[in-house]
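One structure is given here, and the rest of the page talks about it.
The values are calculated or read from the model by the stated rules, or taken from the named source; none is laboratory data. Since we're looking at a predicted model, the values are computed, not measured. Reconstructed Cβ throughout: ideal geometry from the backbone, glycine too, with neighbour counts over all protein chains shown. Heavy atoms of the whole protein, side chains included, go into the accessibility calculation; ligands, DNA and RNA do not. Shrake-Rupley method; radii C 1.70, N 1.55, O 1.52, S 1.80 Å.
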Amino acid sequence: MQETAMARRADSGELAMATGGPNSERLVSPGGGNPTRFLKGSTTTKPSNLDGAGLLALMTHPLNLLLICLPFGAASNYLEWGNIPTFWLNFFGMVPLAKILGDATEELAAGLRNDMLAGLLNATFGNVVELVLTVQTLREGLFDVVKATLLGSVLSNMLLVLGMSFFAGGIVRTGGGIKKGGSFDADKEAPYSAAYSSFQAEKVQHFGVLGALVNISMLLLSCLSFVIVTIFNSIAHVDGIAYLEESLLPVSRTGAIVMISAYAAYIVFQLGTHRTALAADEEEGGEDDADEPNLSLPTATVVLFLVTIWVAWTSEMLVGAIRGVTEAAHMSEHFIGIVLLPIIGNACEHAAAVRFAIRDKLGLSIGIAVGSSTQIALFAVPFSVIAGWVMRRPMDLNFGALNTSVMTVSVIVVLSMVVDGQSNWLQGYLLMAAYIVIAICYWHLPNELPEID
């Protein structure tokens, strides 16, 4: 096919785009290098595109219609309309803010023109919304909500998102070939457009195992930390402030530092020592959303700064209404943390994971689901303990017997699904069913739980 070239001027200067077909867009930097985008909260390479018009495309996404909820949420808070409208207005308003924040982080990372720095930036700041919510909830002293929100982010990614991806990718055919025996061959091009889709029986998708198993191993390490601290608390538990300050908190804070060091080693492993092996193991990405903008480095930095401030203000109002919502709506704090709050930061990424799976880019879907879970478990959770230490809040790693058991068993279930490097719709259905059972359990769970000795 005859190649064409076209150039256009972006916020930071000229960017050249060479195309070799309708789906082969490639961004070329002035110095000849390609900027790298990473999936939110992970170091998995994300396919880039040039559709959109910078800041305009960022702000004209259809999801941004929910931004209208933000002024009403602020009015509800300051005019005292009630906790329920304040909570829900700010809840829906934060969903597009999370998308804008994620896009700005990706563009800032891509503008650095350095894969190591870009991956580190995205892996560290890819879940700013969750970290801001954590800090605001700690300020309110809602430690159970903090733990439930972090656990809920891990569970929703591991079970719900991965399950939906396996399920949708296992029943939808998008232009690939069919191997003898009825299994799906993603490498064989179909004579019709890749946009064509239909129901596919006996479809099996394949993905690289190395990256998935590394993430699962990291999740098992986090489970080990939670289990040890929880068992330590049940054995050495003594009522009183002295026990909390002299035993449980030092153990939790030291464990948090070790967990963050393990996360740092994980980043070095992915972006440094074993980058080539992991890159060879991953599937190649395809085209991404047509609405992804391209921002200059200064523009992305300003957007990231302003939206982070806005998220902090909005989350403060949302968290302040949680106690009133649990009393008025008869909804437990555990359910709010496990099910509702993780939706804010992950809704757009959830949709992206399912879309990639339908396009037979299952490696990207796993990078979103399992990679984000790893970041929450090994970075956001210990970050919450250290942030509580700085804020003089007694946040610890004692997640309780139920939370620890749910997370550990969930990681083992996911391990059984990914260990063979292939998936089908039944595995996806089982993961979603597991998530629904957990959600029902936390819906009926009372706010006050007795200590298990």
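Were the residues from Ile228 through Val419 laid out at 0.36 nm apart, the gain over their Cα-Cα distance would be 66.2 nm. With R₀ set to 45 Å, the beta-carbon distance separating Val437 from Leu297 gives a calculated FRET efficiency near 0.45.
Across the protein chains, with a 1.4 Å probe defining accessible surface, the residues Glu106, Glu140, Glu349 rank Glu140, Glu349, Glu106 from largest area downward.
For region 366-394 and region 291-359, what is the separation of their C-alpha centers, rounded to whole Å? Distance between centres, Cα-based: 16 Å. Contact order for region 308-440, expressed relative to its length and based on alpha carbon pairs under 8 Å spaced 6+ residues apart, stands at 14 percent. Close amide H pairs (under 5 Å, H built 1.01 Å from N) link Val172 with Gln200, residues at least 5 positions away or on another chain. Here the accessible area of region 335-435 is 69 percent carbon and sulfur, with a 1.4 angstrom probe and all protein chains present. Full extension of the chain between Leu63 and Glu140 gives 24.8 nm of extra length, using 0.36 nm per residue less the Cα-Cα distance. Accessible area per residue for region 302-453 is 40 Å², calculated with a 1.4 Å probe on protein heavy atoms, without ligands, DNA or RNA.
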